[in-house]
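Please treat every number below as a calculation from the coordinates, not as lab data. All values derive from a computational prediction rather than experimental measurement. Positions of Cβ are generated from backbone atoms using ideal geometry, with glycine treated the same way; all protein chains shown enter the neighbour counts.
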Amino acid sequence: MNYPHLHLMINHLPVIGTVVALLLLGWSLVTRRRELIRLSLFVTLLVGLSAWPVVFTGDEAHEQLEDVRGFDKDLMEEHEESADWALWCLLGTAAIAGLGLWASRKDREVPRWAGAATMAALLLSTAVVARTALLGGEIRHPETTGPLWAPPDVSKSVMLDSASTGRPRDRD
């Protein structure tokens, strides 16, 4: 396993997590159950914090892949820029959810602003994360073998062309 492989394994946490948190928060706001609202704020907080390891492993994967012949650097840069936006959106959403949890401690009611603000932030975060995932999905990953600390060995794998045709491309 290496950083590109690890990144591929954990990048689903914020993608699926934002949708789950959004649905859970929506349901909890409809039912107006304090415990359910607090649970959805906690899930949102965890999802927001899950973005950091995903971005970290993505940065490390980029470092390991930047010198691999045939790797589409433009596509990687666009994905990385989108991931930076997603990180900040998710961390902001996590902060709002955390403030809502803090304001509702010791059997206090969850403030109305906490649910509404978290919902708005989750909607934005879900859109940004979805775009980031779409861009990342366009990147091909024959490099997912080898140890975590070593650069990938792509000499045994076939690089695919950047047009995503699925046909092997000639190595230069």
(request) Would you mind giving the average projected area, over all directions, of the Cα convex hull of the stretch 3-137 in nm² with one decimal? (result) 7.7 nm²
(message) Order these by the 10 Å Cβ neighbour count, fewest first: Trp102, Trp85.
(response) Trp102, Trp85
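Rounded to the nearest 0.05, what FRET efficiency do Asp59 and Trp27 have when you use their Cβ-Cβ distance and R0 = 35 Å?
0.50
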(message) Test of understanding: what is the full-extension gain from Ile10 to Ala130, defined as 0.36 nm times their sequence separation minus their Cα-Cα distance?
(response) 41.7 nm
(request) Normalise the Debye intensity by I(0) for the stretch 73-145, one equal point scatterer per Cα, no solvent, then take log10 at q = 0.13, 0.15 Å⁻¹ and round to two decimals. (result) -0.50, -0.60
(message) Could you order the peptides 60-73, 117-130 from most to least packed, using the average number of other C-beta atoms within 10 Å per residue?
(response) 117-130, 60-73
